[in-house]
Structure formats: C-alpha cells, structure tokens
1. Working carefully through the options G522, G535, find the one that is under 20 Å from the mean Cα position of the chain (by Cα) and of a type outside the set (D, E, K, R).
2. Give Y423, Y410 a once-over and let me know the one that is closer than 30 Å to F496 by Cα, free of Cβ contacts under 8 Å to residues at least 60 places away in the same chain and either touching a strand residue (DSSP E or B) at 6+ places or on another chain (Cβ under 6 Å) or surrounded by fewer than 23 Cβ atoms within 10 Å (Cβ to Cβ) (or both).
3. Considering G184, G107, G145, which residue is in a loop (DSSP other than H, G, I, E, B), touching a strand residue (DSSP E or B) at 6+ places or on another chain (Cβ under 6 Å) and crowded, with 17+ Cβ neighbours inside 10 Å?
4. For the range 236-289, list the strands (runs of 3 or more DSSP E) that sit wholly inside it and hold at least 1 residues that are more than 28 Å from D223 (Cα to Cα); which are they?
5. When the residues of the range 595-614 are filtered to those that are of a type in the set (G, A, S) and assigned to a loop (DSSP other than H, G, I, E, B), which remaining residue is surrounded by the most Cβ atoms within 10 Å (Cβ to Cβ)?
6. Do any residues in the range 796-809 that are more than 19 Å from T580 (Cα to Cα) have Cβ atoms under 7 Å from those of residues that are among the aliphatic types (A, V, I, L, M) and outside any loop (DSSP other than H, G, I, E, B), where the two are at least six apart or on different chains, and which pairs are they?
Amino acid sequence: MNYANSNFRFPKYQTLSLLALFLLFGNLFFSCQEKVQEKMITEVDFETEEFAPFVEPGFPFITTSMDGRDLGEGFPNNNISARVLALQLGNEAYACFDTDMLRWTVGWTGDFMPMVTMAQISYDDFHNKGNQIPKIGGDPKVATGSYPGWSAGAPLFSDPRTPSPHPQSPPWGAIPAELGRYEGLYTLGQQAVLAYSVGNTLIHELPGSVVRDGMTAFTRYFDVSPADRSLYLVAAEVVDADSVKEKENSILIHRDGEITGLGLPAGVTGVRLSVHEERYLVAEVAPHAEATEFGLVVWKGDQEHLAAFEAATSEFEAEIPTIDQGGPAYWTEEVLTKGHISPDTAAFVTDRLTLPVPNPWKRNVRLVDIGFFDADKAALVTFEGDVWIMNGLEEGIGRLAWSRFASGLYEPQSLEIVDGKVYVYGKDGITRLHDLNGDGVADRYENFSNAMAQSIETREWASSMVADPKGGFYVAKFGALDMGPETSSPKSLMGFRSASHHDGSVLKISSDGRSVEQFASGFRGPYLGIHPENGLLTGSDQQGHYMPSTPVMLIQKGDYFGVPATAHRDPIPEVTPPITWIPHNEDRSGVGQIWVNSAKMGPLNGQLLHLSYGRPGLFQVKIDSGSQVVQGGANVIPGTFPAPAMKGKVNPGDGQVYFTGFSLWGHNSEVLSALLRLRYTGKENFMPREYKVRDGGIILRFDQELDKTVAQDIAAYKVKRWNYQRSQKYGSGHFKLDGTVGEEYLPVLEAILSDDRKGVFLIVPQITEVMQMEVAYELKTKGGVSWSDKVWMTVNEVVRPDLLAEGFSKVSEGDLNQDYEASLLVDSEGEAPDAVRGKELFMNYGCIACHAVEGSGEGKIGPNVDGLYGSEREFTDGSSATADEDYLRESIVDPGARVVKGREGEMPSFLGVLSENDIASIILYFKTLKN
C-alpha cells in the first residue's frame, strides 16, 4: 500500500507509541553520536603511546635486507641481499626471498629476526639511529649464494650482474630482466604467493612449512606456465659436503652428521632432482606446453628425522590458491580524527590534521608522503612501510576517517597516485598496489619497477619519486653515505662508500617500469619536485661532503651536481650550478618540493615551494626568467611548523598545500610526525612578489604600495655575499670573492621606488657572480604596516636591467655602478664577546637542533653542550683531549678535524660565518653550562 497517497491515519495510541519510539531511538541516536565524538581523536601524544611490535602477527611478510654471510660452516659465505621478502611460514619457520635474484637467501627456524634497520629500530625508540644490517634470529637450515635462484636453459651458479667497479664490493641490483624478474606477491590471509618470471615463463610460488614427528621442513609449491626450455631451481647449497645420496624422490647431502635434503612428492612428472658439483641441490623442470604444478620439500636435520622428512615429502599436497580475487582484509576498522583549523591571523596559516594514533593495531604512524585520489580522499605512506587511506576532506578536516591499506614495504619515502592506483617507492623499488576484491585493503603488491639498483648500505635511501606527466617516474637515490654499520663496501671518497651504480643519482623510469635511465648524477642526498603539467623537474640536496650548503636545483638530463663519488661517468663533467643556495643556518636539510598548480593559493599560485626538514618549514623559490643561465632565490614562508616538513602535494579539491614529515634526524621542532595544510586566508601578504639581481642593483617587488620615506632609506637594507668551497669536508665555511675567510657587505648607495610604488631598485655597485647573496630589509606599507624579511639569491650570471620594462623610469643607466668609498665595505667586528649573545647565536644558528643543552640528548646527532667545557673528549681515532677554548674553537670552525667517538661527523664549518667575537661569545655561553 502506498501510504504517501492514502487517507490512512494512525490511532491516537499508535501516535503516542511512535512518539515514544522516536524519543527512544532519538536518544539512542544522539547517544551514539556522542560516543562517536568521544572516540574521535583530537590530539596525539607519541611519547605516551605504547606501540605493538614492528612485525605484526598474521601478516605474511615484511621487506628488508639480509646479511647471510656468517650463517656458519657448510653454508655459502657469499650471501648478501639488499632486497628480500622476509616471509612468515608458520611453525616458527621463516625464509627470505631475494627479489633481485629470485632465490631463497636463507630459510630458518626459531626466532624471526631482530628489528634493526633504521625504520625498525626507531619504530618505538623514535630517535634511535643505531641501525644494523639484518641477520636471522634463529637456526639456519638452508641457504643459497649470490647467484640466480632460477635460470633457463642451464643452471647458473655465478652472479650475472655487472661487476662493481670496486673489487671489494659486490654487484647490486636485479638480474637482467631477460633472465628473470620479480613480478610481485599476493597476500591471502597468513599466506603470500610470489610471482616471478624466468625467461618468458611466469611462475607462482606458495612458500610454507610442515611439521612431522618434531621435524620442521620448508615447502615450496609452484605453478609454472608453459616453457620452451628447461628451467633450473637452486633450492640449497651445502659447502664441503661429506657425501651425496640420491633416492627415488629425493637427494641428500651429508655434512658433519647433518643432512640437507630436497624432496619431490611421488607422482610428479617432468621434474628431476640432482646435485651439481656436490654442493648445489637443483630441481630441473623439463620443457612443457601446458602449465604444470609441483611441490618440493627442503629440510635440514639429523639421521633421526630423515624418515619424517621422507614421509612429509611423500604426503605433501598443496595447490596455489585463487589469487585474482583477493584475500580477507587484514584491517577492517576505521579510525576517526578531528583536525585543528588555525585562526586566520596571516596570509598563510597551517592547519593540523590529527593522525590516527592510537589505533586498534597499536601501530606507529610516521608519515612521509601524501597523494590524492580526488578532493575527498588521500593515500599516505609511513616510514615503517604502511599505507593509509584518509577520507573526509571535502567536508573540511573536522571528521577524518583513516583506514589501513597496505603494509610490509621497505623504508618507503614517496607515494604517487596515477590513474587511481597507488605507487610507493622504497628500497624495494616501486610497488603498485591493487585491491582485488574491493574491501579497502591491498591484496596484490605488484613490482612495478625494481630496475633501479639498491645496495645494502643503510644510507643509500630511496629518497624521492615524482610522477612524470608524460608517463613514468623520476626517482632519486641517496649516495651511500659513510655512516651506520660497516658492510662489505669499501670507502669511496671522504664521506662515501662504494655502493650500487645508481647511488647519488636521479633516474628516469619508463612508463612500463621495465627500463631505467640515468638522468642526472653527482648528488649526496637528493629529493625531487616536479611541475605536474609541464614536467619541469627540480630538486634539493643534503649539505655535507662535497655539498657545501642546501641547493635548490633545476634538474635536466645529463646534469652533474658536484659529488665525484656519485658522478657515475668518466670524465666527470662541469658542475651544474643550482637555482640558488640556502645558507646552513636557514635550512641545513632540504627535502621535497611542491609546485603549486592551484588558483586558490593567492600569491603562491604557480610557485615552487621548497620544504625544509631541519628548520622546519617551507620556502618560496623564485626562478629568474630573465637570465640565460639558471638562477634565482628563496625566501621563508612564515608560519608554525610543529614537525619536520618532507613531502607534500596540492589537493585538487580545495587547492591548498598538504605536507607531512617525521622526526629522526636533527631539526628545530618537538613533534614526531604531523600532517599539515598550508592554507591561504586572503589576508595581506608581505612576502616579496619578486626579487632578482641585475647589473648595478637588486630588484624587490611586493603586493603593496610602500611607504616612500622608509623604502628610500638605504639604512633599511643590508646586502652581503659570500662563496662556498666544495670539498671533502662536511659543508663549507663562508669565503669572500678573493678566497679569504668571511663575508662581504655591499653598500646600498640608493633605493629608488618603482613607478607603481610596489617595488624598489637598490643601487648596489660591483655586482658579480657569487654563490650566495643575502638581502635583508625592514619596510613599511603605505598603510603603515611594518615588517622585516630576508631573501637569499645566487648570481650565476649578471644581467643588464631593462629599467623601463621593470617599471623604474626614475632609474637611469648613469645611476648604476657608481663609485663608492671602500670604507663602506668594512665589516665591523661587532659587540664584545658576551655569554648572553653566545646563547642567542647558539639558538639562532640552529645549533640547538643537533646539540642538547640539558637532558639526555636523545634524538640529537651531536654531543650535549651542558658540562662540555672542561670535559674529556674521546675521538673516533682513539685520541682524546680536554674541551678547552682552543678545542671548542676548532670544533666550530673545523668540526671534522676531530670527531667525538660515537658520532658521525655531520656538523658543517662555521668558518667565515661567525666572527671571532661570535665564537668567543658561544664559548663563554658554554662555560656557563654545568652538568
């Protein structure tokens, strides 16, 4: 009956009942709403949270590296893998599958493995940087050496990869794709199905374990597509065997009373077991026109358990599960958080989107990158290898719904969304994630590309990935910095170790992920940004050895940026100059960049933003389009940034900039991780609209008309310049153009307003090429608002000004390059040494980010300074000294001369940056600090 069109009326008592029901359910509804509000997270306190272990029960894998060179006698000693799937096989059995070599690096029983990589060890000990190279935690049973696990046509027991140019360093990277390629894995509950190709044959493998009569063995079940050649699997290697026995369906290698066995269940045809060179246990799969399936059992034990192994082999049955329909969701709950909107107190403010901590899985959430599906939905990746989905952005940030999407990735630092698919870049390569059954959780972890080589060196980070709008990706890789645990890699140049042939490079990955091209090289620790429409590629690098300060770079094919250890070419070309340098005290750790392709960010529309980890914060970068040589400058975007800024993107919906980052290295903030939104409020903007250096002067342009009196007062401006020196020392001091130590002050002879009174031309004579120029100013608008700021520029080419086109009709050619008194360049030594001034310098130059004044110094990369003066210092070379005035001065101007034991020497020189009185003031401040 259609009650909407009837004359039916409820009786009075029914009306009362319905009213009662309405009140009852209404109260329940609002009660539920209140409970939802109670469950909505509004603040995160990482310090008080208790996180579950890094390895989650029930999830079948994590990706890591593995050093299997010291498993013991009888095992191959040439066994090291940079990228492995560490698989939980049940029954306290585990295996590492080398995705570069398609081999089982090691299978073992007992404990899983210690969590010692950087992401693992700092997971719940946030500032612990004492990472190590992973090794197994239990008893090794089977292993193979550094050769392909599979080959076609003939078994292969040598490494087919291009040898390293350093004899002591092993080759790194995936085997040639024509020999074999890892294709990815499928997750199905506690199982993982591996996919890889050998030649043109696709293989799916289900690894597992079996227990019989107290004996644990490893099982490997294969589905092999048609093959026109014989395929060979090396299942295990035993060194210095005593004897070899072949049985009907197994082969056994005896050594020192132990047996390593490879078993084939009865009834399998087309597969033959053999032993090569009395050490390699091999399964040969004959050519076949139809897909075939078979299983193997691999075991190591004593004679007492041999019968159990043989029984387990004969009884072994399995099948490859259906993989194209996905598996059950690992994480079904949503976590609700409420963000915090900043008051509109400036042109740009930072809103804070609360992270999903705590969550049902007690999982840490250290965000490092973000990508947008659409205006409402984003994906975010964490350093621990998780991907989260966040919904609710279209309704603002008052109700954000977070869910987990993927896990197990290896120290990822980048995420991109292309055609609705999530791509994540980490040390394991580029992984494309698929939700096969639409339950909101990834079931297929596709290897989109592992064409970029990766070494086991812990500092060879997979640092950055950006999507090329023309197809494919650009990826950046750190150089193998000489930090962290020693492996097999020898020293290369000061500050670097030998690593993969792609370290310290920017690489172009093809649109199908199958090929890689070196695009630019000579980096120390690069991060990237890309214009999402025209594909203009930019980047930054980490100050350190051969990298004197933080550069912002336009990156073009063939460029070389100055680190000879990562040039990867001979002869080494000329160094490509950056757009600009940023001084150490302003940004000692540059990371990602964002091109603002938005019409909703006001003065930042179309601009390039540079993110600073150490400051932390954001810079606006200006590229000088009037120069034939790339050059430009940078200025700080004022705001509050509670956590390191690393990566970000523009939301296609609200057009605002979202960025994130996490704490591990030195920085000037207190929060472990945060997700922020840089929002334009429409209020008056005081950042410069334009700044550039021209022959005879400097142009500054703003959005407002300037107060004429203040703008034309030359005392409102201070201009200085200096060069850096690129050397093997960490960072660089400041040097005058003649090479002597220090900075040069340039006189501002006149300040002339533009015709529209929104710009000023500073008459500065003797402009010449220089690596760094700083312009500080204190101005006032016509409306009476005063402010001060600085810009930092690089002069790679001196360009003649077009005064009329620039709107400076009152400036004539004769005004440029005027003569001036040399006394105007004299830099006063300044105030007498003073401890209070020393404290100000210590804070203003960012020393507090790396050196604690009090407390444990947890999270700081440098020694504490409380009680430093007069203490005994032990150095990495075994020597020691008392921290007197001479030692402290040396530590400030030449910190690499003597590195304190337990530290890694990551402090730049302040030679020429601080005056002698400045240094004396800082030492006086240190003297006031007592333990």
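1. Numbers: G535 fails: under 20 Å from the mean Cα position of the chain (by Cα).
Criteria check complete, one pass: G522.
2. When all the criteria are applied, what remains is Y423.
3. Working: G184 fails: in a loop (DSSP other than H, G, I, E, B); G107 fails: in a loop (DSSP other than H, G, I, E, B).
Unique residue meeting the criteria: G145.
4. 243-246, 250-255, 258-263
5. Result: G614.
6. Note: pairs meeting the criteria are E806/I699; F808/I752.
Conditions tested, residue by residue: (1) more than 16 Å from F97 (Cα to Cα); (2) in contact (Cβ under 8 Å) with a residue 60 or more places away in the chain.
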{"residue": "S151", "(1), (2)": "no, yes"}
{"residue": "P155", "(1), (2)": "yes, yes"}
{"residue": "P160", "(1), (2)": "yes, no"}
{"residue": "P163", "(1), (2)": "yes, no"}
{"residue": "Q168", "(1), (2)": "yes, yes"}
{"residue": "G173", "(1), (2)": "no, yes"}
{"residue": "E178", "(1), (2)": "yes, no"}
{"residue": "Q190", "(1), (2)": "yes, yes"}
{"residue": "S197", "(1), (2)": "no, no"}
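One line per residue, one yes/no per condition, for (1) closer than 17 Å to N450 by Cβ; (2) of a type outside the set (D, E, K, R):
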| site | (1), (2) |
| --- | --- |
| D482 | no, no |
| M494 | no, yes |
| R497 | no, no |
| H502 | yes, yes |
| S511 | yes, yes |
| R514 | yes, no |
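The values are calculated or read from the model by the stated rules, or taken from the named source; none is laboratory data. These numbers were taken from a predicted model, which means no experiment stands behind them. Glycine also receives a Cβ, built like all others from the backbone with ideal geometry; neighbour counts cover every protein chain displayed.
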